[in-house]
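Report on one structure; see the data block that follows.
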Amino acid sequence: MKIICIGRNYVAHARELNNPLPESPVFFMKPDTSLVIRNRPFFYPEFSKDIHYETELVVKIKKNGKHIAEKFAHTYYDEIGLGIDFTARDVQANCKAKGLPWEIAKAFDHSAPISKFIPLESLNDKNDIRFHLELNGEKVQDGSSTLMIFSIDHIISYLSKFITLKMGDLIFTGTPAGVGPVKINDHLVGYIEDKKMLDFRVK
Ligand code: MG
């Protein structure tokens, strides 16, 4: 399986990092070794002094597809989860300044905690999927799928022009505004609607 992540998919987040708004989805990948499951702790890596959380809706692909038309994209997923796209912002800034790829800042071990996946049908409104993150009890990010620049269906269609999507692949769909640093002992709790999806600590 592979993990494809979309960057700059929310206007307010692109602006908070002084990035231009994309004309088509920006994507990068994380390896399967980035995953953290079952609310295990996130261990702060030694190579960065500025690890940021980015809370994102994560789509699980349920069948293989290539060149998927946007109008059929909805048939390729029926479950959603919540994930954190941990980013070494200091290392990423260095990469951006040099025009280098971001993988070193995004794809490191344990950079992608994910929740369990729940059926879209279990949501109050699958066209307005609301989610938020609490850091040490304070709400720091609040998003909705309606605020995405590129919809989930558009992302699936676009990605599948370049990369065959396979059953079990995960797509991180981008983060809303409010990203910020974590430190050791922080407690992160993430929700989709009123369902607690993530609950773990930084160690
Ligand atoms: Mg992200």
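The values are calculated or read from the model by the stated rules, or taken from the named source; none is laboratory data. Quick caveat: nothing in here was measured; it's all calculated off a predicted structure. With ideal geometry, Cβ positions are generated from the backbone for all residues, glycine too; neighbour counts draw on all protein chains shown. Areas reflect the complete protein model, heavy atoms only, side chains present, ligands, DNA and RNA absent. Shrake-Rupley method; radii C 1.70, N 1.55, O 1.52, S 1.80 Å.
Restricting to DSSP loop positions (anything but H, G, I, E, B) with no more than 13 other Cβ atoms inside 10 Å of their own Cβ, which GluC sites (Glu not before Pro) remain in segment 52-99? Intermediate values should be presented prior to the final figure.
Details: sites: 54, 56, 70, 79; in loops: 54.
Hits after loop and neighbour filter: nothing returned.
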Inset, instruction - Quickly work out the residue 17-to-residue 47 label distance, labels modelled 7 Å from Cα along the C-beta direction, and quote it in nm with one decimal. - result: 1.8 nm
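Please give me the summed charge of the neighbours of residue 76: other residues whose Cβ is under 13 Å from its Cβ, Lys and Arg +1, Asp and Glu -1. Let's see the in-between values first.
Values: positive: 60, 62, 63, 66, 71, 166; negative: 70, 78, 79, 153, 169.
So the surrounding residues net to +1.
Stretched out fully, how many nm does the piece from residue 2 to residue 104 gain, at 0.36 nm a residue minus the Cα gap? Provide the component values of the computation, followed by the final result.
Working: separation 102, 0.36 × 102 = 36.72 nm, distance 1.68 nm.
Stretched fully, the residue 2-residue 104 segment lengthens by 35.0 nm.
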Inset, instruction - Starting from the Cα of residue 63, draw a straight line to each of the lysines and keep only those under 18 Å, dropping any in the same chain fewer than 8 residues away. - result: 2, 71, 161, 166
Inset, instruction - Using DSSP to define loop residues, name the trypsin sites (Lys or Arg not before Pro) in segment 101-166 whose beta-carbon has at most 16 other beta-carbon atoms within 10 Å. - result: 116, 126, 166
Legend entry - Potential extension, residue 97-residue 122 segment - 0.36 nm per residue separation minus Cα distance: 4.7 nm
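Which FRET efficiency value, to the nearest 0.05, do you get for residue 62 and residue 144 by plugging their Cβ-Cβ distance into 1/(1 + (r/R0)^6) with R0 = 30 Å?
On the way: r = 23 Å, r/R0 = 0.77.
After rounding, the FRET efficiency stands at 0.85.
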Inset, instruction - Express in whole angstrom the spacing between the alpha-carbon centres of segment 1-40 and segment 68-124. - result: 5 Å
Inset, instruction - Would you list, by chain and number, the lysines whose Cα falls below 20 Å from the Cα of residue 98, excluding same-chain residues fewer than 8 positions away? - result: 49, 106
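Over segment 3-201, give the accessible area per residue in Å² for a 1.4 Å probe, as an integer.
Working: 9290 Å² over 199 residues.
So segment 3-201 comes to 47 Å² accessible per residue, rounded to a whole number.
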Inset, instruction - Treating each Cα of the chain as an identical point scatterer and ignoring solvent, apply the Debye formula and state log10 I(q)/I(0) at q = 0.19 Å⁻¹. - result: -1.51
Inset, instruction - Would you mind telling me the share, in percent, of accessible area of the chain contributed by carbon and sulfur at probe 1.4 angstrom? - result: 53 percent
